Amino acid sequence: MSSATTSDRTATQWVRSTVVPPVRWDPRALWAVAAAVLAGAAALGLADGVGEHSDLSSYDPTVTASVVADRSGPLTALAQVLTFIGSEVSVGVLTVLVLAWLVWRRRAWRTAFLFGATMTVGAVATLVVKHVVARTRPPASVMLGPLDTGFSFPSGHTTYSTVFFGLVAALLLARRIGVAQRVGIVLAWVLASGGVGLSRLYLGYHWMTDVLAGWSLATAVLALGAAVVLLTRPPAQGSRPDQADDLDDLNDRDQNTRVPA
């Protein structure tokens, strides 16, 4: 057997064991899948209402008019900052930085793969839904900023930022920290995601139901990602096969894992 063939086989084995390990049943994955189904159903329900101009979407013009009437200088400045943080460019750059840290500093190949794959799924799902629903944005007269004529449903800023901050929160929650810190991390995720979504409504670039759909779609993507993590997580060293380690332990082991030559 040639050295090239041996190297290829070793690389394939490394990918299968480190990046995409075998599926291991974890009953908690059922809860994650159930959450994904519920969130996806909520997004579909909102999309159906938009198509029929009924349900919550019938309140969109009233909500937008109310928000426009309550605008102020400080709130506008805050909304612009939040919208910049949640923009496709900002989230894209932040994603690359996180992936670089996971790969080059932590050697967490599997975690990096799952992080990037989840972000990709969120982006693709958003674009697909936008083109399927093909909803027009609020009128240019209510937009505070450059004109945007792209499709409105769901809010891309809301979806991307909610998925990104949710993944970062998951990385932090996987560490061995106290309850107070965990609560703080979850609250920070909710506030960041909520702030970006509300900024899109405030600045007049999206209807209320666009933002709600963005949160729903992002929750579905994150829940599916959680299910994949639970079903493919390798057992911790020295534990029973049915005992899954946390991401922090996984990252520690990944630091000692090198790509085979």
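The values are calculated or read from the model by the stated rules, or taken from the named source; none is laboratory data. Just so you know, these numbers come straight off a predicted model, no measurement behind them. Note that we place each Cβ from the backbone using ideal geometry, even for glycine, and neighbour counts take in every protein chain shown. Note: areas computed on protein heavy atoms with side chains; ligands, DNA, RNA excluded. Shrake-Rupley method; radii C 1.70, N 1.55, O 1.52, S 1.80 Å.
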So is residue 165 part of a helix (DSSP H, G or I) and either of a type in the set (Val, Ile, Thr) or open to solvent by 40 Å² or more (accessible area, probe 1.4 Å) (or both) or not?
-> yes
Yes/no for residue 146 being touching a Gly at 6+ places or on another chain (Cβ under 8 Å) and outside any helix (DSSP H, G or I) | no
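For (1) open to solvent by 10 Å² or more (accessible area, probe 1.4 Å); (2) closer than 21 Å to residue 48 by Cβ, each residue gets a yes or a no:
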residue	(1), (2)
123	yes, no
152	no, yes
172	yes, no
217	yes, yes
Residues that are open to solvent by 80 Å² or more (accessible area, probe 1.4 Å) and touching a helix residue (DSSP H, G or I) at 6+ places or on another chain (Cβ under 7 Å), drawn from the range 37-55 = 55
